[in-house]
Amino acid sequence: MTRSFVRWWSAVALCFLSAMAASAATLSISTTSPLQSATVGASYTTKLTASGGKSPYRWSVTAGSLPAGLSLSSAGTISGTPSSAGTSVITVQVTDSSKPTSQAQRAFTLVVSTTTAISSVTPATAALLTGATQQFAATVTGSANTTVNWSASAGTISSSGLYTAPSAVSTGGTVTITATAAADATKRSTATVTITSPSPSPSVSVSPRGVGILVNQSVSVTATTTDPAGVIWSAAGPRCSGSGCGTFSAASSASGVAVTYTPPANSPGTYIVSASSASSNAVKASSTVGVTDLTAVATYHNDASRSGANTHEYALSPTTVSASTFGKRFSCAVDGAIYAQPLWVANVTLPNNGIHNVVVVATQHNSVYAFDADSNSSPCQPLWQASLVDSAHGVPNGQIETAVPSCGTGTLVGSGYCDIDPEVGITGTPVIDTTTHTLYVVAKSVNSSHTAFYQRLHALDLTTGAEKFSGPKTISGSYPGSGSGGSTVTFDPRQQNQRAGLALANGSVYVAWASHEDRMPYYGWVMSFDASTLASQYVFNATPNSGYGGIWMGGGAPSVDASGNVYVITGNGVFNATSSTPPNTDLGDSMLQLSPELGLLGYFTPSDQASDNATDADFGSGGTAVLADLPANGSNPTHLIIGGGKDGYLYLINRDSFSGYGDGYAWERFSFGSSIQGTGAFWNSTFYLAGAGGPLQAFALNSATATITATRTSASTASFAGKGSTPTVSASGATTNGIVWALNTSRYCTSQSSGCGAAILHAYNATNLGTELWNSVQGTGNAAGYAVKFTVPTVANGKVYIGTRGNNAGGTTGTVQGQLDVYGLLP
């Protein structure tokens, strides 16, 4: 080893030993004593520090102990929440990471005090309405007992700080909330609450409360509110939400300011339009808007099957028809009693008079009126009026004609019983062709010398009342038969009573006749006329050899099935169709199936026909109703018709097997329980009818057996004296919101009635006739005019229309000879 190497190695070693010595000498604890003081119950943290040596350092307590609740981590942090007061002396050692390790120690003093404090109450101030609540909070420090005791100068406060304001405001209206530390009652904090009485809840009402409109129409709605901020509009409806339920001309409005609501396009249904207080969304009022796609009630009992059902009614329902929401809206005076059913057509454009929903009525004074169906002035003004006994409607120039006097001195029809009082003009319900806007009606008249009688078929323009198709057509006809002593019988316009409603089918108008008070000679005539030219087409006579056999059916119209076949029921008369020798073409007391050309396709005659004829128990006193076609089910029939008469039996007939004398040819026969003198209604597989002197009854059609269950499903508590009632059903579809409307017309003011009085309109829940929703005797201002027998209510677009004789009690009495009464949802 050289001398120079020895010198180098000695220098390196000396440096290494010097570095090690320096490192060990500088490890020390930097934190000084005493440590930061702590408070009982308060979170505490302090960090010990060291210098020198080699990090990382490890810390530990080598003598003494930390206060209860505190601990020292190996990284040198003292933390925790002390639970008791006092002074602690501890020795802490730090060890570095050198090899070998170095240590350093130091003694520390740590003082834990017992001073208790409480934080400020939050919120410091609050404003509440009487009875309202507010959550308060405060925190206790410096004590293991952190409980806060709450108190209030008025009202109540829970142990958790939930304050409830008093229900009444005390003087000044200010309340102090105090939070006190349970550990030291001298430690408190407060908050201030101002209590005020709330402003009165805003009120909101909407007009109209309920209304019916057509699809693609709008309605004006108005909210009245005490909220100075006004209302916010919204709508709800079937199968929609939010803006999909319609639009408003303004999203909000002030009190009394109308807005326009437009339902969704082409969407019939019931919509709820609501106005909510802008200041309090929970306060609101609503209006029911029924949107219908009904185009017309253009024929007797609604349709050719005579079901009597309007399944497009969305404004009237069991929830909207009550004594507080439904009543008489207006009346229209006319010049004679209204025996025919009012008819209704939507969206009729009148020359120089805009578009209207129109209701049409015909009177015994031979006048036809068209009124706006939804509103009218007082007195009510017609859109147009036509007298069918003037030169513009077929009376020869210079000739004077009137309706035919029927009662008292100068009686010209019947036997003086005043069955129709005081005159006979238009009795049968007209029919409307909605495609051509043509109204067909038969009027009866006599010349001024009472020597010539006329019955004319008129085709009136629905928009003006003017004649169409070169009308009118003077009715005449003949038929092979020996009833007048020869080989032919001839139609007599004086003797024949055009009581049955008219039917429109197969491009033809069908008209049927009976008698006035059974005054002979008369026959059961049916004729058809070309609907586009009024030309005579076909003639049928039910009793050409013996007379009688009138077709009146309580005012019911002939029914027509999907094949165009025509159905009528005849009254008392000879039946000889089963005879092998002529004459054998008389069909008294029979239900007839006629072809579109009025050929006899079949008949059904009950076994008690002879008894019916002898006792004036007409089979044909009631109407007919073609029931809904049924699905195929084994050998059961699928096409049915039901009818009945004064003997009180209902017959269900298979229309595909329609011929025979005797009850065995009926698919079903059962006792109805009272004389039938009207046409039943059919809806939701249920048949509704009120017999003379009996209740309104409901019977279910069992599709599995194609029979009507003879045990009724429900009945009204009220009975319908006189002739019973032909009901009408309104509903929102095939199964929903059904209401059965029925008129009590027992006091119809002629010699055969029990007296003279108002017609009474009844509304029943269709699912249970024991539940009456409303009647026109309830409340004030709902009375109708005096009754006429066999009349039928018409329901359309949220309203019910009935014809009456005004205040005419018979003869020429009274100031109003006829009256249309209109009922609907109250505004």
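The condition of being under 18 Å from G556 (Cα atoms) and not small (G, A, S) does not hold for L701. Beta carbons closer than 6 Å, at least 6 apart along the sequence or on distinct chains, pair a first residue in segment 802-827 that is crowded, with 17+ Cβ neighbours inside 10 Å with a second that is outside any strand (DSSP E or B) and basic (K, R) for G818/R805.
Only one of S753, S725, S730 is touching an Asp or Glu at 6+ places or on another chain (Cβ under 9 Å) and among the hydroxyl-bearing types (S, T, Y). Can you tell me which?
On the way: S753 fails: touching an Asp or Glu at 6+ places or on another chain (Cβ under 9 Å); S725 fails: touching an Asp or Glu at 6+ places or on another chain (Cβ under 9 Å).
Answer to the check: S730.
Applying the condition of being within 15 Å of the chain's Cα centre (by Cα) and surrounded by 15 or more Cβ atoms within 10 Å (Cβ to Cβ) to segment 264-273 and asking which residue is farthest from E313 (Cα to Cα) yields V273.
When Q609, Q593 are checked against the criterion of being polar (S, T, N, Q), out of contact with any Lys or Arg (no Cβ under 9 Å at 6 or more places or on another chain) and surrounded by 18 or more Cβ atoms within 10 Å (Cβ to Cβ), Q609 stands alone in meeting it. Looking across segment 189-223 at every residue that is closer than 19 Å to L825 by Cα and among the polar types (S, T, N, Q), the one that is surrounded by the fewest Cβ atoms within 10 Å (Cβ to Cβ) is identified as S220. Within segment 555-579, the set of residues being assigned to a loop (DSSP other than H, G, I, E, B) and either under 16 Å from L504 (Cα atoms) or modelled with pLDDT under 95 (or both) comprises G556, A557, P558, D561, A562, S563, G564, N565. Does segment 109-119 contain at least one residue that is farther than 27 Å from T190 by Cα, surrounded by fewer than 17 Cβ atoms within 10 Å (Cβ to Cβ) and over 60 Å from the mean Cα position of the chain (by Cα)? The answer is yes, given that some residue of segment 109-119 is farther than 27 Å from T190 by Cα, surrounded by fewer than 17 Cβ atoms within 10 Å (Cβ to Cβ) and over 60 Å from the mean Cα position of the chain (by Cα). Can you tell me which residues in segment 443-454 are within 52 Å of the chain's Cα centre (by Cα) and either hydroxyl-bearing (S, T, Y) or over 12 Å from H393 (Cα atoms) (or both)? If the condition is that a residue be within 52 Å of the chain's Cα centre (by Cα) and either hydroxyl-bearing (S, T, Y) or over 12 Å from H393 (Cα atoms) (or both), then K444, S445, V446, N447, F453, Y454 are the ones that fit. In segment 710-754, the qualifying residues are those that are under 19 Å from L627 (Cβ atoms) and over 29 Å from the mean Cα position of the chain (by Cα), and the one that is surrounded by the fewest Cβ atoms within 10 Å (Cβ to Cβ) is T711.
Only one of the numbered conditions (1) closer than 23 Å to Q341 by Cα; (2) crowded, with 19+ Cβ neighbours inside 10 Å is violated by V446, and that is (1). Quick one: what pairs do we get from segment 26-49, first residue not assigned by TED's automatic domain parsing to the domain that holds I90, second surrounded by 14 or more Cβ atoms within 10 Å (Cβ to Cβ), C-beta under 8 Å, 6+ apart or different chains? Matching pairs, first to second residue: none at all.
In the set A500, A505, A512, A466, which member is surrounded by fewer than 16 Cβ atoms within 10 Å (Cβ to Cβ) and within 45 Å of the chain's Cα centre (by Cα)? Give the steps one after another, and end with the answer.
On the way: A500 fails: surrounded by fewer than 16 Cβ atoms within 10 Å (Cβ to Cβ); A505 fails: surrounded by fewer than 16 Cβ atoms within 10 Å (Cβ to Cβ); A512 fails: surrounded by fewer than 16 Cβ atoms within 10 Å (Cβ to Cβ).
Result: A466 is the single residue among A500, A505, A512, A466 that is surrounded by fewer than 16 Cβ atoms within 10 Å (Cβ to Cβ) and within 45 Å of the chain's Cα centre (by Cα).
Residue-level analysis places I232 outside the set of residues that are of a type outside the set (S, T, Y) and under 17 Å from the mean Cα position of the chain (by Cα).
Only a single item in (1) closer than 21 Å to S28 by Cα; (2) surrounded by fewer than 14 Cβ atoms within 10 Å (Cβ to Cβ); (3) touching a strand residue (DSSP E or B) at 6+ places or on another chain (Cβ under 9 Å) is not met by S43, and it is number (1).
State yes or no: is A340 of a type in the set (A, V, I, L, M, F, W, C) and assigned to a loop (DSSP other than H, G, I, E, B)? Taking the combined requirement at face value, the residue satisfies it. The numbered conditions (1) at pLDDT below 95; (2) surrounded by fewer than 17 Cβ atoms within 10 Å (Cβ to Cβ); (3) of a type in the set (A, V, I, L, M, F, W, C) are all true for I400 except (1). Number of residues in segment 318-337 that are in contact with a Leu (Cβ under 7 Å, 6 or more places away or on another chain), assigned to a strand (DSSP E or B) and not hydroxyl-bearing (S, T, Y): the value is 4.
Scan segment 477-495 for residues that are closer than 16 Å to L598 by Cβ and without any contact (Cβ under 8 Å) to a residue 60 or more places away in the chain and the total you get is 2.
Looking at this structure, is Y314 touching a helix residue (DSSP H, G or I) at 6+ places or on another chain (Cβ under 9 Å) and either in a loop (DSSP other than H, G, I, E, B) or not assigned by TED's automatic domain parsing to the domain that holds V215 (or both)? In short, no.
Within segment 64-116, restricting attention to residues that are touching a residue at least 60 places away in the same chain (Cβ under 8 Å) and of a type in the set (A, V, I, L, M), the residue that is nearest to S43 (Cα to Cα) is V112.
Among the conditions (1) surrounded by 21 or more Cβ atoms within 10 Å (Cβ to Cβ); (2) in a strand (DSSP E or B), Q385 misses just one, which is (1). When T176, T146, T180, T186 are screened for being in a strand (DSSP E or B) and touching a residue at least 60 places away in the same chain (Cβ under 8 Å), only T180 passes.
Okay, residues lined up against (1) surrounded by fewer than 19 Cβ atoms within 10 Å (Cβ to Cβ); (2) of a type in the set (G, A, S); (3) assigned to a loop (DSSP other than H, G, I, E, B):
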residue	(1), (2), (3)
P34	yes, no, yes
S55	yes, yes, yes
V61	yes, no, no
S65	yes, yes, yes
S83	yes, yes, yes
T87	yes, no, no
I90	no, no, no
V94	no, no, no
S97	yes, yes, yes
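Right, T171: more than 21 Å from T45 (Cβ to Cβ), assigned to a loop (DSSP other than H, G, I, E, B) and either modelled with pLDDT under 85 or not assigned by TED's automatic domain parsing to the domain that holds T46 (or both) or not? For T171, the condition - more than 21 Å from T45 (Cβ to Cβ), assigned to a loop (DSSP other than H, G, I, E, B) and either modelled with pLDDT under 85 or not assigned by TED's automatic domain parsing to the domain that holds T46 (or both) - is met. Considering only residues that are of a type in the set (A, V, I, L, M, F, W, C) and either exposed (fewer than 15 other Cβ atoms within 10 Å of the Cβ) or touching a helix residue (DSSP H, G or I) at 6+ places or on another chain (Cβ under 7 Å) (or both), which ones fall in segment 690-709? Listed by number, the list holds a single entry, A704.
Kindly indicate whether G623 is surrounded by 24 or more Cβ atoms within 10 Å (Cβ to Cβ), out of contact with any Asp or Glu (no Cβ under 6 Å at 6 or more places or on another chain) and within 26 Å of G555 (Cβ to Cβ). Answer is yes for this residue.
The values are calculated or read from the model by the stated rules, or taken from the named source; none is laboratory data. Since the structure is predicted, the reported quantities are computational estimates derived from the model, not experimental observations. Positions of Cβ are generated from backbone atoms using ideal geometry, with glycine treated the same way; all protein chains shown enter the neighbour counts.
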